Structure formats: C-alpha cells, structure tokens
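Read the structure below first, then the notes.
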Amino acid sequence: MANVFDDLAADIYKAADIVGRELVGVVPSMTINAGTERAAFGGVVRSAFTRATSVNESYTPSMTIPEGDDQTVDNKTATIDKVANVKIPYTGEDIMKLNNGVGYETVYGDQIAQAMRGITNKIEAYSALTISQGASRAVGTAGTTPFASDFDLIAEARQILVDNGMPLDGQATIAINTAAGTKLRNLAQLQKVNDSGSDELLRRGELLNLQGLMLKESNGIVAHTKGSATNGRTNNAAGLPVGTTVIPLENITAGATGYVAGDVVTFAADTVNSYVVQVGLAAGAAGNITIAEPGLRVALPDNNNITIGANYTGNFAFHRAAAELVVRPPAMPQGGDMASDRMTIQDPFSGLVFEMAMYKGYGKSMLDITTFYGVKVWKPDFVAAVLG
C-alpha cells in the first residue's frame, strides 16, 4: 500500500494557497526555535545572558597583573507550556461520499490547510500578546489608532529601542494591526512617489521599511484591558533609583483586577516615560509590581503617585533577538505509538513546521496535528509598545 501522505502532499500545498489566511507578521519576525526533536509538555529551554559590565575609571601600572573583574552570567528559561491540536477523522463512508462529488483528496487538503491556519493564528496571537506584555516602555495614545496624520510614533518607538542599546542591524520590526496599517497607507507623504521614493505603496499597497524598522501587519495583535487599581503610590523611604524594576506600592484601591501584566503606567515625577507592567498585583492595598528591563529611566521619590493608562491595542516594535518562539512535536513513548505514518510539512505563510500523524482505527482513520510551543521575551529592553 502506498504511503498515506504521498497522494496528499501536493493537494495540501495547493490548498494552502486557496484557503483564506489572516496576516501573520509577528512569528516570521521572531527567533524561531523549531527543531524536529521531540519535547515534553512543560519542558524548559535555557539560555545564558550576561549582565551589563561596570567600567573601571582607574589605571595603575604594576609589575603584578591585577585580578580580573568578577562577571555574572544569568540563566533564563522558557517553558513549552502551550499546545495546539487538530484532529481530522474519516470513515470509509465519508471518503466514498466525497469521491462521488468534489473528491476526497481536495477536501482533505483544504481541511489540513484550515488546520494549519488555525494553529498558526493561535501561535501568532499568543506571540503578540506575550511580546506586547514584555515591552520596556510605550509610546502613543491608548484607544487611538496611530498614524492618522504622520508616522512620528515609529521614530519614537525606535528611540526607545536604541536608547536601550538595541543593535541597528536591520532585524527590527514594528508589528501593527490592519487598522494602523490602513492609517499608514492613507498618509499622502507615503503615497506620493516623489516623497516616498517608490510607487510600491500606491500601486501594490506594500508597506515599506520606515525609520530602520520593517513594517509587518498582523491579525494577532491583541487588545489590552487595563487593571482596575487606583490611588497607588510608591512605597520606599529612600526613593527608587534609575534602573529599578520592582516597584513597591501602597495606598492601592485594587478593585476586581488590581494591576495586570500589560498595563501601561506613569509616575507623577516622570513626565516623559510610560512603563509596561510585566508582573502585576491582583489584590491588596500594598505590594510590588514589576516593570520590564531596563527599568526606571528617572529616579522616583517616596509616595509618588502611579496612574494606569486606558485600554489599548498592543502594537509593538521589537528586535528579532528580543523574543523566541519554541515549537516542538510531542514526545513519543519508547517504540513509538499507534501512528501508521508521519509527515512533516511547512506552512508557506508563517514558516512554521508541523508534524502530521495518521492513526488507523476500526473502519476509521484520523489525522492528528499536535504542536507544543512556548514564547519567551528574552530582552524586554529590545521591545517598545506602540499604543493604539
């Protein structure tokens, strides 16, 4: 008997070009760790990170070589804690009915393409949520679609990234939803060939790089609902120095949700910066919230008021090295399971690779597509939120 997938492979790829697809801009712009080795659900991926070094300001000649400066290498981890799964069952009667009409392989190929579409959209949305919540600081006006009259916010987001030390190596992206993309397309200065230097936007609707950032639209950009906390203020008698990430608060009226990850907060003593909450505080009149690295840019005194911004749509600019997507097929028992065949196929839209397994039952077969995945923001200082 011929391999189950041999006759289907061409139909699968053909169907992928026919089935509707949402825009995927975040996943292709991340670091993708998509090895074929299997992984356990809840498995951990480790990475080593070096800290910023201190620079000596003295030099003393000597016949004795001085000791080197102590260095600390941090160990950060990412967890494969998400699963996306689609099962497509068929009986012999199902196949006969389809072959009497449009054909089993054509419909089956469409179903597989829809499965890839659904899994990709799940991973795209989760990646966008994770990265937007891991941003260092934010620009823009919450609740207002950006780029209505200019694209200044792109330059402002870029400033956050370069001030944080992001390398200018052409691997930075700004991921936006289609509403923001439409505002950009409507800007006269980008449509005019003499101003933009190209007719690609005017003729083909292609968003070109701006301010050194690649523009990518994504259907996975998510809306953030702010926490309900009010009346908070800093709680540290000595004040909070520049670089602080753990912010002790008191006098909080928490409400139902308190401070939640992704909230954009400002402080009375800092009129320039808007910070993104990485770890919230659900309840209580006092406690700590955590903002992302590199932390405070302005020192704060004790009893300084904190304010949560409004709900927003989480567009963001980020470097490829800022976040990693880990994708793995599930671990198998020794000797394998009951699958009669397996095939690895790549989604042409997102670049993600999926493993498909065929299981034979009693008068019935089933195609299973199961993917374990996890997303980690390794470098929040290389992420800037662009509120919409």
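The values are calculated or read from the model by the stated rules, or taken from the named source; none is laboratory data. Everything numeric in this text was worked out from a predicted model, so none of it was measured. Because the Cβ atoms are built from the backbone with ideal geometry, glycine has one as well, and the counts that use them run over all protein chains shown. When the accessible area is computed, the model is the full protein with side chains, heavy atoms only, and any ligands, DNA or RNA have been set aside. Shrake-Rupley method; radii C 1.70, N 1.55, O 1.52, S 1.80 Å.
Values computed for the structure shown
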{"item": "Answer residue from region 138-165, given it is open to solvent by less than 60 Å² (accessible area, probe 1.4 Å), assigned to a loop (DSSP other than H, G, I, E, B) and small (Gly, Ala, Ser) and is nearest to residue 384 (Cα to Cα) among those", "result": "140"}
{"item": "Neighbours by Cβ (under 8 Å, 6+ apart or cross-chain): first from region 59-71, open to solvent by less than 100 Å² (accessible area, probe 1.4 Å); second in a loop (DSSP other than H, G, I, E, B)", "result": "69/53; 69/54; 69/56"}
{"item": "Residue match in region 322-345 (condition: within 25 Å of residue 161 (Cα to Cα) and open to solvent by 10 Å² or more (accessible area, probe 1.4 Å))", "result": "yes"}
{"item": "Selection count where residues are among the polar types (S, T, N, Q) and not in a loop (DSSP other than H, G, I, E, B), scope region 279-312", "result": "4"}
{"item": "Qualifying residue in region 300-315 (condition: without any contact (Cβ under 8 Å) to a residue 24 or more places away in the chain and crowded, with 18+ Cβ neighbours inside 10 Å)", "result": "no"}
{"item": "Hits in region 34-55 (condition: modelled with pLDDT under 70, within 18 Å of residue 352 (Cα to Cα) and over 20 Å from the mean Cα position of the chain (by Cα))", "result": "36"}
{"item": "Residue list for region 231-258, restricted to those being touching a residue at least 60 places away in the same chain (Cβ under 8 Å) and not in a loop (DSSP other than H, G, I, E, B)", "result": "233, 234, 240"}
{"item": "Test: residue in region 250-261 that is in contact with a strand residue (DSSP E or B) (Cβ under 9 Å, 6 or more places away or on another chain), aromatic (Phe, Trp, Tyr), farther than 27 Å from residue 76 by Cβ and at pLDDT 95 or above", "result": "no"}
{"item": "Looking only at region 255-278, and only at residues there that are open to solvent by 50 Å² or more (accessible area, probe 1.4 Å) and over 23 Å from residue 301 (Cβ atoms), the one that is nearest to the chain's Cα centre (by Cα)", "result": "257"}
{"item": "Among the candidates 208, 168, residue that is modelled with pLDDT of 90 or more and assigned to a loop (DSSP other than H, G, I, E, B)", "result": "168"}
{"item": "Where a residue in region 333-351 is in contact (Cβ under 8 Å) with a residue 60 or more places away in the chain and under 23 Å from residue 20 (Cα atoms) and its partner, wherever it lies, is assigned to a loop (DSSP other than H, G, I, E, B) and open to solvent by 40 Å² or more (accessible area, probe 1.4 Å), with Cβ under 8 Å and at least six apart", "result": "344/36; 348/17; 349/21"}
{"item": "Those residues of region 100-120 which are among the small types (Gly, Ala, Ser) and surrounded by fewer than 19 Cβ atoms within 10 Å (Cβ to Cβ), in sequence order", "result": "101, 103, 118"}
{"item": "Residue selected from region 89-130 under the condition among the β-branched types (Val, Ile, Thr) and closer than 30 Å to residue 45 by Cβ, by the criterion modelled with the lowest pLDDT", "result": "112"}
{"item": "Hey, residue 377 under 27 Å from residue 212 (Cβ atoms) and either exposed (fewer than 14 other Cβ atoms within 10 Å of the Cβ) or under 23 Å from the mean Cα position of the chain (by Cα) (or both) or not", "result": "yes"}
{"item": "Condition check for residue 276: β-branched (Val, Ile, Thr), modelled with pLDDT of 95 or more, in contact with a strand residue (DSSP E or B) (Cβ under 7 Å, 6 or more places away or on another chain) and in a strand (DSSP E or B)", "result": "yes"}
{"item": "Residue among 120, 182 that is among the polar types (S, T, N, Q), under 18 Å from the mean Cα position of the chain (by Cα) and not in a strand (DSSP E or B)", "result": "120"}
{"item": "Residues that are assigned to a strand (DSSP E or B), more than 17 Å from residue 121 (Cβ to Cβ) and at pLDDT 85 or above, drawn from region 327-354", "result": "328, 330, 339, 340, 341, 342"}
{"item": "Checking residue 223 against (1) on the phi < 0 side of the Ramachandran plot; (2) at pLDDT 90 or above; (3) open to solvent by less than 30 Å² (accessible area, probe 1.4 Å), the condition it does not meet", "result": "(3)"}
{"item": "Considering residues of region 166-193 that are touching a residue at least 12 places away in the same chain (Cβ under 8 Å), hydrophobic (A, V, I, L, M, F, W, C) and open to solvent by 30 Å² or more (accessible area, probe 1.4 Å) only, the residue farthest from residue 266 (Cα to Cα)", "result": "168"}
